[in-house]
1. How high is the relative contact order of the chain, given as a whole-number percent (alpha carbon pairs under 8 Å, six or more residues apart)?
2. Can you work out the FRET efficiency for the pair Arg43 and Ala372, with r the C-beta to C-beta distance and R0 = 41 Å, to the nearest 0.05?
3. Which value in nm describes the separation of the simple spin-label points at Ile124 and Gln63, placed 7 Å from the Cα toward the beta carbon?
4. If we restrict to alpha carbons, what Rg and Dmax does the range 218-372 come to, in Å?
5. Could you please tell me the mean projected area of the C-alpha convex hull for the range 289-431, averaged over all directions and given in square nanometres to one decimal?
6. Would you pull out the residues with amide H under 5 Å of Val223's amide H, same chain only if 5 or more places away, H placed 1.01 Å from N?
7. Can you give me the C-alpha center-to-center distance between the range 319-341 and the range 390-431, rounded to a whole angstrom?
8. Residue farthest toward the positive end of the dipole of the chain, with Cβ of Lys/Arg at +1 and Asp/Glu at -1: which of Val283, Gly392, Ile38?
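Derivation of every value follows stated rules applied to the coordinates shown; laboratory data play no part. Source: prediction; values computed, not measured. Backbone-built Cβ (ideal geometry, glycine too); neighbour counts: all protein chains shown.
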Amino acid sequence: MKADAFSLPADTGCGAPPEREVLRERGQREVFCGLTGIVWLHRKMQDAFFLVVGSRTCAHLLQSAAGVMIFAEPRFANAIIEERDLAGMADCHEELDRVVDRLLARRPEIRQLFLVGSCPSEVIKLDLGKAAERLGAKHAGQVRILNYSGSGIETTFTEGEDACLASLVPAMPASVPDAAPQLLLVGSLPDIVEDQFLRLFAQLGIEQVGVLPARTADGLPAVGSNTRVLLAQPFLGETAQALEGRGAQRIEAPFPFGAEGTTAWLKAAARTFGIDEMHANSVIAPGRERAKRALEHHREALAGKRISFLPDSQLEVPLARFLATELGMEPVEVGTPYLNRKLVARDLEQVPESTRISEGQDVDRQLDRVRADRPDLTVCGLGLANPLEAEGLSTKWAIELVFSPIHGFEQAGDLAELFARPLRRRDVLKV
Ligand code: SF4
């Protein structure tokens with residue numbers, strides 16, 4: 001590895017510890033684009049519709065990623081940009097208006113419509129912001145119309161959710177000035193996991209809790225200087241910034257993975273709301289104990305095993321923290337598409353110093369490092385898993401970590417199992 005590939009430690013001054021060295025890569029990427037987020041967002045937001053303004057490639061991506069929806073009345077679709085549009089022979093805005101009018105007439109239950117930009121819509125510079133404004137005014141009172149980009153030029157994988165949630169922030173009503181502090185849970189979680197957290201907040205005594213994204217359009221929470229933001233996902237940098245722009249304050253915490261991550265996350269919220277520590281401990285203890293017992297099952301299989309993450313979902317740093325501190329794994333390299341130091345600070349400080357942290361991707365160089373490191377397990381995208389398996393390296397599909405419920409106490413054991421399973425499979429195949 002070349003020394004000049006590392007960024008220089010920042011001069012933090014005042015005796016503060018120097019920033020951790022990060023290997024920055026700027027080369028070819030192997031990551032899904034932000035359109036993929038529609039797969040989980042349309043399930044979460046029950047009266048929303050996602051209209052991708054894109055090409056047949058975008059349509060194929062969504063159809064194969066969310067193929068199951070073919071059996072239901074889908075809540076996403078593609079307005080296909082044809083050659084005529086690309087050649088500037090058609091008025092794309094007129095055509096888009098026609099598609100949206102037809103859609104809303106046919107599906108009156110839609111309350112939120114997202115116009116989702118793609119690579120082709122960006123290439124022809126189709127202004128979806130203007131289109132959303134124009135169509136929003138036309139259908140005001142019936143449906144909220146917003147836009148964001150899921151294009152592969154601008155976004156990777158989970159950044160699609162970030163862009164979607166950030167587009168909702170300006171639509172959030174302003175909270176009443178001087179109102180009591182309100183907790184805002186931010187990040188799309190499976191309903192069952194969200195409900196578990198909401199029950200824990202209620203038991204802690206945090207009464208006012210909003211959720212972004214809300215399940216329905218009329219549940220969009222208010223925001224203002226009394227809002228305290230607790231992120232459930234580490235990839236929501238733009239959303240966090242937009243909320244801070246509306247006066248909200250972010251609660252610093254590690255992300256809620258495993259027994260200790262979830263404990264620290266809940267305690268950070270409890271502290272912010274002045275909850276008595278003894279009471280917080282008594283609410284948290286049963287779930288924490290259950291999670292620790294569930295993790296114990298997997299410790300033997302995982303402790304001492306070396307793991308590398310290729311950049312994919314931005315969940316990599318918090319997951320590496322979980323695997324290292326709660327299961328004794330040894331993260332060799334933790335690659336992430338973007339490293340938002342502020343958001344993952346509490347996790348990053350617990351990732352062992354010996355772990356190489358890399359940001360961005362240069363896929364060939366990254367694969368060379370994996371081959372040289374020969375970790376016991378490599379977490380990577382679908383396209384890289386098979387070639388690595390063929391070389392005798394065990395892999396885990398990173399996408400499973402996004403599509404599976406993995407947050408919180410009750411899911412801690414399942415999260416560990418996701419990493420233990422490929423190692424077990426490897427051992428069985430060896431036999
Ligand atoms: Fe491909 Fe771009 Fe469409 Fe994503 S948005 S499917 S990267 S063409």
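1. 15 percent
2. The computed FRET efficiency comes out at 0.55.
3. Modelled inter-label distance: 1.9 nm.
4. Considering the range 218-372 through its Cα atoms, Rg and Dmax are 17.4, 53 Å.
5. Quarter of the Cα hull surface area: 8.3 nm².
6. Ala174, Ser175
7. Each part reduced to its Cα centre gives a spacing of 15 Å.
8. So the residue we want is Val283.
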